[in-house]
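Note sheet for the following structure.
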Amino acid sequence: MPFMIGFAENRRNMLQAELMRFLDELPPLGVQQIFVIGDFALSHVGIETALELLIIQETDEPFHRRPDFFVDHLRPRIETRFYVYTPDEFDQLKDVDPFLVRHINQLEAVYAI
């Protein structure tokens, strides 16, 4: 398998640029907080590293439909995963939900109102 020198740095730059683009477009979308999670947050960037964002937003949408809002409005240019919790859900689940517990130590707030 060929090895591209500098690919990880290029991918890191792409992820950072996409994150900055999203942050510019967030104010009108009603987002309260955004945290970067996953491999990018841990600086483990490789060929398939996705931008993973945990979003706190007041919404009435069912949990499984919430990412659709961000895909439709932000139109990601690279693989991006949106995990959307309401403020109440986040407060109630941050110590018991396996997904949140696994990522809670790496939460890096990149946006907050």
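The values are calculated or read from the model by the stated rules, or taken from the named source; none is laboratory data. Keep in mind the model is a prediction, meaning the values are calculated, not measured. Cβ placement follows ideal geometry from the backbone for every residue including glycine, while neighbour counts extend to all protein chains displayed.
In this structure, is His103 at pLDDT below 95 and under 23 Å from Glu18 (Cβ atoms)?
Details: at pLDDT below 95: yes; under 23 Å from Glu18 (Cβ atoms): yes.
Yes; evaluated as a whole, the condition is true for this residue.
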How many residues of region 56-66 are without any contact (Cβ under 8 Å) to a residue 24 or more places away in the chain and either touching a Leu at 6+ places or on another chain (Cβ under 9 Å) or buried (at least 16 other Cβ atoms within 10 Å of the Cβ) (or both)? The answer is 1
| request: For region 5-18, indicate whether the set of residues that are in a loop (DSSP other than H, G, I, E, B), at pLDDT below 90 and more than 23 Å from Gln106 (Cβ to Cβ) is non-empty. | output: yes
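One line per residue, one yes/no per condition, for (1) assigned to a helix (DSSP H, G or I); (2) basic (Lys, Arg); (3) within 27 Å of Asn10 (Cα to Cα):
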site: Asp39; (1), (2), (3): yes, no, yes
site: Val45; (1), (2), (3): no, no, yes
site: Thr49; (1), (2), (3): no, no, yes
site: Leu54; (1), (2), (3): no, no, yes
site: Asp60; (1), (2), (3): no, no, no
site: Asp68; (1), (2), (3): yes, no, no
site: Ile78; (1), (2), (3): no, no, yes
site: Tyr111; (1), (2), (3): no, no, yes
Checked against (1) of a type in the set (A, V, I, L, M); (2) under 16 Å from Leu15 (Cβ atoms); (3) not in a loop (DSSP other than H, G, I, E, B), Ile104 satisfies every condition except (2)
Over region 80-98, the set of residues outside any strand (DSSP E or B), closer than 19 Å to Val31 by Cβ and not polar (S, T, N, Q) is Pro87, Asp88, Glu89, Phe90, Asp91, Leu93, Lys94
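Results for (1) exposed (fewer than 12 other Cβ atoms within 10 Å of the Cβ); (2) in contact (Cβ under 8 Å) with a residue 24 or more places away in the chain, shown as yes or no for each residue.
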position	(1), (2)
Pro27	yes, no
Gln33	no, yes
Ile37	no, yes
Gly46	yes, yes
Leu54	no, yes
Asp68	no, no
Arg75	yes, no
Val84	no, yes
Asp91	yes, no
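Determine, yes or no, whether Ala41 is small (Gly, Ala, Ser), surrounded by fewer than 18 Cβ atoms within 10 Å (Cβ to Cβ) and in contact with an Asp or Glu (Cβ under 6 Å, 6 or more places away or on another chain). Steps first, answer last, please.
Values: small (Gly, Ala, Ser): yes; surrounded by fewer than 18 Cβ atoms within 10 Å (Cβ to Cβ): no; in contact with an Asp or Glu (Cβ under 6 Å, 6 or more places away or on another chain): yes.
It is false that Ala41 is small (Gly, Ala, Ser), surrounded by fewer than 18 Cβ atoms within 10 Å (Cβ to Cβ) and in contact with an Asp or Glu (Cβ under 6 Å, 6 or more places away or on another chain).
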